[in-house]
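Notes follow the structure.
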Amino acid sequence: MEQTVLEIIKLPSGEYAMRKAGEDEPLITVNLSQKVRDGLNGQSEELARMILVAGAKMMSELSMESAEAPKTPKPVIH
């Protein structure tokens, strides 16, 4: 199974994002409102990390399920 290295970054806009290492395009972005950031007492980066990791885990699980799903054979027409 091929492994993908993911990285979490903070975008200039203040959003947090997860992307494949070496690529510019984010796979997932998280934008926390100012109200939420204020209520987290400096822990907004940790919340964003938890959300992004959960999203990556779900993507991985769905990808594995798809790969393991039995392929329906194409019908043979005689």
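Close lysine pairs were tallied over the chain: pairs 8 or more places apart or on different chains with Cα atoms under 24 Å apart number 5. Electrostatic tally near residue 6: other residues with Cβ closer than 9 Å to its Cβ, Lys and Arg +1, Asp and Glu -1, net +1. The Stokes-Einstein estimate for segment 6-68, based on a Kirkwood radius over Cα pairs and taken at 10 °C with 1.306 mPa s viscosity, is a diffusion coefficient of 126 µm²/s. Between the residues 4, 42, 66, the greatest Cα displacement towards the positive end of the dipole of the chain, with unit charges on the Cβ of Lys, Arg, Asp and Glu, is found for 66.
Against the longest alpha carbon principal axis of the chain, how many degrees, from 0 to 90 and to the nearest 10, is the axis of helix 44-68 turned? In the chain, helix 44-68 runs at an angle near 0 degrees to the longest axis. Remark: the chain carries a charge dipole of roughly 160 debye about the Cα centre, counting +1 on each Lys and Arg Cβ and -1 on each Asp and Glu Cβ.
Read the figures in this text as sums done on the coordinates, not as results from a lab. Since we're looking at a predicted model, the values are computed, not measured. Note that we place each Cβ from the backbone using ideal geometry, even for glycine, and neighbour counts take in every protein chain shown.
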